[in-house]
Amino acid sequence: MSDDVSDIAAFYNSDPAKEHNRLARNQLEYDLTRRYLDQHLPPQGSILEIGAASGRYTLELAKRGHMVTAVDLSAALIKECRKRIVAEGLEKHVRLVVADARDLSEVTETGFDAVLLMGPLYHLVEEADRKVALREAFNRLQAGGIIFSSFLSRYGILGELLRNKPGWIEDQAEVRSLLASGKRPDDYPRGGFRGYSAKVSEIAPLHEVVGLETITVVGIEPAISADDESYNKLQGKQRQLWLDVLKEIGAETSIIGASRHLLYIGRKK
């Protein structure tokens, strides 16, 4: 493993409820991801969830009857996930593991029906590490099994930065580094949120080189940029109809990269 990610573990250990609350704010990301899970997952099966965090997807999958092995780098997040699983009485459906996505030696099972890799790939700033994580996932997936993996979009995150951190633009060294390489300058101090932002064009080839067959690459916040509030206010029929349309255009090539998060869906040959 080439990159020391202890700072990333520390970032999540410091506030284990943060990711749970983030998905409460970014409701389109959560709703649209669930639509894709509904479309491509079997009705029931075994799922390896790498980067489970506090369990937003873990809980939903377990409630549907899936058997979930939930893995995260952060011990505090796994503890938070366990609390939520116990509160819902779902202990028989979930196994919890603290592990790095690049070393899943504690997950000895193979033949999972699906793998969710929704988080680790945008914290692994080195391409070699992303490939290692994908191979670890690939090796535990059964033939014909489905993989879902998430990325930060290199250009899609600019709307978020403009909205919430407008002063970021004054650090031109970081701006130039993000645009050129998808990450902070290598000599910047560790700490806080550290990640890698991908171009759409690199995502399918990254998966295909380890033996996966691409089904689709989509934007998970198509057409809204950082305007979560407008979507969050929608209710009932209007919300469902907007979600229908936004899913319909999620794979439109002209707008995929404008989403903050990108979702790859593939299949083990």
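The values are calculated or read from the model by the stated rules, or taken from the named source; none is laboratory data. This is a predicted model, so every value here is computed, not measured. Glycine also receives a Cβ, built like all others from the backbone with ideal geometry; neighbour counts cover every protein chain displayed.
Among the residues of the range 246-267, those identified as surrounded by fewer than 21 Cβ atoms within 10 Å (Cβ to Cβ) and either charged (D, E, K, R) or closer than 8 Å to residue 219 by Cα (or both) are 247, 248, 251, 252, 255, 257, 258, 267. Tell me which residues, restricted to the range 137-166, are in a helix (DSSP H, G or I) and out of contact with any strand residue (DSSP E or B) (no Cβ under 8 Å at 6 or more places or on another chain). Within the range 137-166, 139, 158, 159, 160, 161, 162, 163, 164, 166 meet the criteria. Return yes or no: is residue 230 in a helix (DSSP H, G or I), loosely packed, with under 14 Cβ neighbours inside 10 Å, hydroxyl-bearing (Ser, Thr, Tyr) and at pLDDT 95 or above? For residue 230, the condition - in a helix (DSSP H, G or I), loosely packed, with under 14 Cβ neighbours inside 10 Å, hydroxyl-bearing (Ser, Thr, Tyr) and at pLDDT 95 or above - is met.
Given the criteria of a type outside the set (Phe, Trp, Tyr) and farther than 19 Å from residue 262 by Cβ, does residue 174 qualify?
Values: of a type outside the set (Phe, Trp, Tyr): yes; farther than 19 Å from residue 262 by Cβ: yes.
Judged against the criteria, residue 174 is a match.
In the condition set (1) loosely packed, with under 12 Cβ neighbours inside 10 Å; (2) part of a helix (DSSP H, G or I), residue 191 is compliant with all but (2). Would you confirm, using the coordinates I've provided, whether residue 87 is under 16 Å from the mean Cα position of the chain (by Cα) and of a type in the set (Gly, Ala, Ser)? No; evaluated as a whole, the condition is false for this residue.
When the range 103-128 is examined, which residues are found to be more than 28 Å from residue 32 (Cβ to Cβ) and in contact (Cβ under 8 Å) with a residue 60 or more places away in the chain?
Taking the range 103-128 first, the residues more than 28 Å from residue 32 (Cβ to Cβ) are 103, 105-106, 108-111, 126, 128.
If the condition is that a residue be more than 28 Å from residue 32 (Cβ to Cβ) and in contact (Cβ under 8 Å) with a residue 60 or more places away in the chain, then 103, 109, 111, 126, 128 are the ones that fit.
Among the residues that make up the range 202-219, is at least one of them of a type in the set (Val, Ile, Thr), more than 28 Å from residue 8 (Cα to Cα) and free of Cβ contacts under 8 Å to residues at least 12 places away in the same chain?
No, because not a single residue in the range 202-219 is of a type in the set (Val, Ile, Thr), more than 28 Å from residue 8 (Cα to Cα) and free of Cβ contacts under 8 Å to residues at least 12 places away in the same chain.
Looking across the range 212-261, the residues that are within 26 Å of residue 178 (Cα to Cα) and of a type in the set (Ser, Thr, Tyr) come down to 216, 225, 253, 254, 259.
Name the residue, out of 243, 178, 206, that is in a helix (DSSP H, G or I), crowded, with 17+ Cβ neighbours inside 10 Å and either basic (Lys, Arg) or within 19 Å of the chain's Cα centre (by Cα) (or both).
206
Any residue that is in contact (Cβ under 8 Å) with a residue 40 or more places away in the chain and not hydroxyl-bearing (Ser, Thr, Tyr) - is there at least one of those in the range 163-170? Full working, then the answer.
First, the residues of the range 163-170 that are in contact (Cβ under 8 Å) with a residue 40 or more places away in the chain: 163-164.
Pick out the ones that are also not hydroxyl-bearing (Ser, Thr, Tyr) and you get 163-164.
Taking every residue of the range 163-170 in turn, at least one turns out to be in contact (Cβ under 8 Å) with a residue 40 or more places away in the chain and not hydroxyl-bearing (Ser, Thr, Tyr).
Restricting attention to the range 194-213 and to residues that are out of contact with any helix residue (DSSP H, G or I) (no Cβ under 6 Å at 6 or more places or on another chain) and among the hydrophobic types (A, V, I, L, M, F, W, C), the residue that is nearest to residue 142 (Cα to Cα) turns out to be 212.
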